[in-house]
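The structure appears below as structure tokens.
The values are calculated or read from the model by the stated rules, or taken from the named source; none is laboratory data. What you are looking at is a predicted structure, and each value in this text was computed from that prediction instead of being measured. Using ideal geometry, Cβ is built from the backbone for each residue, glycine included, and neighbour counts are taken over all protein chains shown.
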Amino acid sequence: MKQNKMGTVQISTLMLKMGLPMIISMILQAFYNIVDSYFVSQMPNGETGVTALTLAFPIQMLMIAIGVGTGVGINALLSRSLGAGEREKASKIAGNAIFLGICTYVVFLLIGIFGIDAYLRSQTSDAAVLKMATEYLRICTIVSFGAILSMIYEKLLQGVGRTTLSTIAQLAGALTNIILDPIMIFGWLGCPEMGIAGAAWATVIGQIVTLVMSAYLHHAKNHDLDTALKYLKPQGATIAQIYKIGIPAIIMQALMSIMTYGANIILGGISDAAVTAYGVYYKLQQFIFFAAFGMNNALIPIIGFNYGMRDKARVKDGIKYGMIYTLIIMLLGTVAFQAFAPGIMAVFALSAETEKLAVTTIRVITVGYLFAGANIAFQGIFQAFGEGVKSLIVSALRLIVVALPLLWVLSRTASAAQSAWWAFPLAEAAAVVVAVVLYKKMWGRVGALLSSAC
């Protein structure tokens, strides 16, 4: 029987072979939002449109949070079960994962029908912004089955080490979105001019393309798992196992949504320009953070698989190289943003005030990127060992517990437009201290268990 590469290939090489496709996949996800923002900014009322996208973004982040968080549980359990040689159990996990994706879509369908107005009105009373944000977000939620189910299938491919296949599906969807955005927004090639609704339709069509391709690749090419319909039958024990790891991960990812929602409200007290500047920065920084999360997605199954095999040396190498590679990604992001911030922001059709503020935002927040990289790596390490609560603690500190109170305090100073952004690097620094302490406590127990198995 052919051995899974996660148990045989040298870890430093394996991390790159699995990580690079995942990084590309995650960066392609970032394209969905930044491409929308770019083309919307070119509309006659472009800055209003960008603000509308910024207010809609937390709901999109929540959607990603549930999909990715559920995927973390799937990823960790799949890799651990396969590492232990439990194919039947892994197949049940995969089938129940698809069932959970369908249930998640129903929730966002209901949000799209009944909840959008109240959500948006909690952030702004500007009629033009509300109209555009409602138009965009309603489409993205009601037709969200492509986004949600494609994330599930992506994790099923990644969890068995077939990261290249998931990247192919992501690439197809991202290219579809990029091509359709200007056609549908501006009415090119005979298509009706749809404005911001065109951006939404381009996004959801791209997500559906990714879903179709990833579902085909899973059912046709994923030979480590059985994909018969019987495995779709929900099983309470299997779902409980997925969510034992997945719920802390969902909450952790949802904290990003809560943080952006809270930041929108706090920054609105400074100016609309501050909200728009932060929104554009946040979508740009996803290219760096999503790359780090891509490496994180490789780290989790590699460590989980070798933990299932009780191979201490390979587990330690997984932790080592996962941390090193994540820090390298964040260092490159820091250098790029610090060096090219003005040129990057000049691409968007923003007012001079907003553009200047966005450059300040980038240059201040990126000071904390190495701390952020360490936190992301630690979160993945905790998740790989099933320690979802520890991962959640680190995430809560960096995104909510420290960041939002600091942002609120700094937003009330005389130089708020320049100083408020320091809340984010300071929060990352505080969280990494706690992460190191939690890791040392966990490794004392895990290391002893692995040593006894040798």
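Observations on the model:
- Options 244, 230; residue that is within 23 Å of residue 305 (Cα to Cα), touching a helix residue (DSSP H, G or I) at 6+ places or on another chain (Cβ under 8 Å), surrounded by fewer than 18 Cβ atoms within 10 Å (Cβ to Cβ) and modelled with pLDDT under 85: 244
- Of all residues in segment 117-158, those being free of Cβ contacts under 8 Å to residues at least 40 places away in the same chain and among the β-branched types (Val, Ile, Thr) number 2.
- Wholly enclosed helices (runs of 4 or more DSSP H) of segment 87-146 bearing at least 3 residues crowded, with 20+ Cβ neighbours inside 10 Å: 87-114, 127-142
- Within segment 7-63, the set of residues being farther than 17 Å from residue 273 by Cα and small (Gly, Ala, Ser) comprises 7, 12, 19, 25, 30.
- Selection from segment 371-427 of residues that are among the β-branched types (Val, Ile, Thr) and within 20 Å of residue 76 (Cβ to Cβ): 376, 381, 389, 393, 394
- Boolean, residue 34 is surrounded by fewer than 22 Cβ atoms within 10 Å (Cβ to Cβ), within 22 Å of residue 182 (Cα to Cα) and touching a Gly at 6+ places or on another chain (Cβ under 8 Å): no
- Residue 409, sole failed condition from (1) outside any helix (DSSP H, G or I); (2) at pLDDT 95 or above; (3) among the aliphatic types (A, V, I, L, M): (1)
- In segment 335-370, the residues that are surrounded by fewer than 23 Cβ atoms within 10 Å (Cβ to Cβ) and under 26 Å from residue 72 (Cβ atoms): 365, 370
- Scanning segment 412-426 for residues that are within 16 Å of residue 357 (Cα to Cα) and assigned to a helix (DSSP H, G or I) turns up 416, 417, 418, 419, 420, 421, 422, 423, 424.
- Within segment 40-52, considering residues that are in contact (Cβ under 8 Å) with a residue 40 or more places away in the chain and surrounded by fewer than 22 Cβ atoms within 10 Å (Cβ to Cβ), the one farthest from residue 300 (Cα to Cα): 45
- Here residue 55 qualifies as crowded, with 19+ Cβ neighbours inside 10 Å and either modelled with pLDDT of 85 or more or not hydrophobic (A, V, I, L, M, F, W, C) (or both).
Rundown of residues vs (1) out of contact with any Ser or Thr (no Cβ under 7 Å at 6 or more places or on another chain); (2) part of a helix (DSSP H, G or I), yes/no style:
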| residue | (1), (2) |
| --- | --- |
| 226 | no, no |
| 231 | no, yes |
| 255 | no, yes |
| 265 | yes, yes |
| 279 | no, yes |
